[in-house]
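Scroll down for the structure; my scribbles are underneath it.
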């Protein structure tokens, strides 16, 4: 009998109680290093538009290249692999004229990542596959027209349905959990969470979800203006398996917000920072040893349950992080006093 997603979530929680779990790093950084051209992205297939830069299409046209990236992260010690599907939704794929390929791309990505994870899975070190949902390039909270604050390019129901189509493909391909990541607009994330809920009800199964916010500046807010505490109040109803932060900044800049969430969140905390801040050339120069040293300090302070890397990090970074947190106790999940907790731009507790 196959393991259900609910059972995989229970296993994940048990493991996270005993040790700090390690998530993988980004696909974008690894793909850039491959220096692929237009012909590589097309993979012999015919498209009406240029496809160079459409990283998610590589799940179909260069599957072995993506499998190689997965393999590198697994060998670095990653417990959790995300699919290469950050932009595999109809809104983002429309930039390349391939919005009709949502299901094909997501199923292929999930199956590929599942195959790689299963090849490395052992009883002592189970591997998990999470289906990655990026924020799209639209926002539900902020008008794109400065002269018309009420204008929106998309509706909530439309974004929900866009996410639902992507999630269906990921589930068909065999992911364990859904990861709603790089949340710059909380309302976009809510559309994704509603999509998960509706699919879970229709399928008659639990679909575990992970949620990760991104900050837009050092004020500690996302683009829609919420603080990390307010964000948690906005999404906690979804009972996420993990919540946390990714992208935005390196570990140094994220430290105060990780500390805040560690005290506020009564679920597992998952953080995956960039390799520092980009230099004047837009490159990330923070060495794996430095990233690992900063993460080691977080772990010693009991701040994290799941740790990985975002922009600029490499398999070498993930390997260094895995070594840095090995043997250290994971964050103890706090018991939060029951209260009426609301959120606008700020958190409010009655």
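Does residue 93 qualify as being crowded, with 19+ Cβ neighbours inside 10 Å, more than 17 Å from the chain's Cα centre (by Cα), at pLDDT 95 or above and farther than 22 Å from residue 57 by Cα? Here the answer is no, as residue 93 does not meet what is asked.
Has segment 220-239 got at least one residue that is outside any strand (DSSP E or B), in contact with a helix residue (DSSP H, G or I) (Cβ under 7 Å, 6 or more places away or on another chain) and surrounded by fewer than 18 Cβ atoms within 10 Å (Cβ to Cβ)?
Within segment 220-239, not a single residue is outside any strand (DSSP E or B), in contact with a helix residue (DSSP H, G or I) (Cβ under 7 Å, 6 or more places away or on another chain) and surrounded by fewer than 18 Cβ atoms within 10 Å (Cβ to Cβ).
Of the residues making up segment 116-134, none is buried (at least 20 other Cβ atoms within 10 Å of the Cβ), out of contact with any strand residue (DSSP E or B) (no Cβ under 8 Å at 6 or more places or on another chain) and without any contact (Cβ under 8 Å) to a residue 60 or more places away in the chain. Against the test of being in a loop (DSSP other than H, G, I, E, B) and modelled with pLDDT of 95 or more, the options 332, 324, 292, 320 yield a single qualifying residue, 332.
Picking from residues in segment 148-181 that are under 18 Å from the mean Cα position of the chain (by Cα) and not in a helix (DSSP H, G or I), the one that is surrounded by the fewest Cβ atoms within 10 Å (Cβ to Cβ) is 174.
Just to be sure, is residue 184 under 14 Å from the mean Cα position of the chain (by Cα), surrounded by fewer than 24 Cβ atoms within 10 Å (Cβ to Cβ) and closer than 30 Å to residue 220 by Cβ? Working first, answer last.
Details: under 14 Å from the mean Cα position of the chain (by Cα): yes; surrounded by fewer than 24 Cβ atoms within 10 Å (Cβ to Cβ): yes; closer than 30 Å to residue 220 by Cβ: yes.
For residue 184, the condition - under 14 Å from the mean Cα position of the chain (by Cα), surrounded by fewer than 24 Cβ atoms within 10 Å (Cβ to Cβ) and closer than 30 Å to residue 220 by Cβ - is met.
Selection of segment 275-289 for residues being touching a helix residue (DSSP H, G or I) at 6+ places or on another chain (Cβ under 9 Å) and either under 17 Å from residue 243 (Cα atoms) or part of a loop (DSSP other than H, G, I, E, B) (or both) yields 275, 276, 277, 286, 287.
Do the conditions hold for residue 88, that is, is it more than 18 Å from residue 23 (Cα to Cα) and either within 17 Å of the chain's Cα centre (by Cα) or free of Cβ contacts under 8 Å to residues at least 24 places away in the same chain (or both)? Yes, satisfied.
Condition check for residue 61 on (1) in contact with a strand residue (DSSP E or B) (Cβ under 6 Å, 6 or more places away or on another chain); (2) surrounded by 20 or more Cβ atoms within 10 Å (Cβ to Cβ): one failure, at (1).
Annotation note: Cβ proximity below 9 Å between a residue of segment 91-115 that is in contact (Cβ under 8 Å) with a residue 60 or more places away in the chain and at negative phi and a residue that is surrounded by fewer than 15 Cβ atoms within 10 Å (Cβ to Cβ) and assigned to a helix (DSSP H, G or I) (sequence gap 6+ or interchain) occurs for 103/172; 106/172; 107/172; 110/172; 111/172. Cβ separations smaller than 7 Å between residues 6+ apart or across chains give the following pairs from segment 27-39 residues that are under 20 Å from residue 73 (Cβ atoms) to residues that are assigned to a helix (DSSP H, G or I): 27/55; 27/69; 28/55; 30/69; 31/55; 31/58; 34/65.
Screening residue 303 on (1) in contact (Cβ under 8 Å) with a residue 40 or more places away in the chain; (2) part of a loop (DSSP other than H, G, I, E, B); (3) within 30 Å of residue 200 (Cα to Cα) shows it passes everything except condition (3).
The values are calculated or read from the model by the stated rules, or taken from the named source; none is laboratory data. Just so you know, these numbers come straight off a predicted model, no measurement behind them. Cβ: placed from backbone, ideal geometry, glycine included. Neighbour counts: every protein chain shown.
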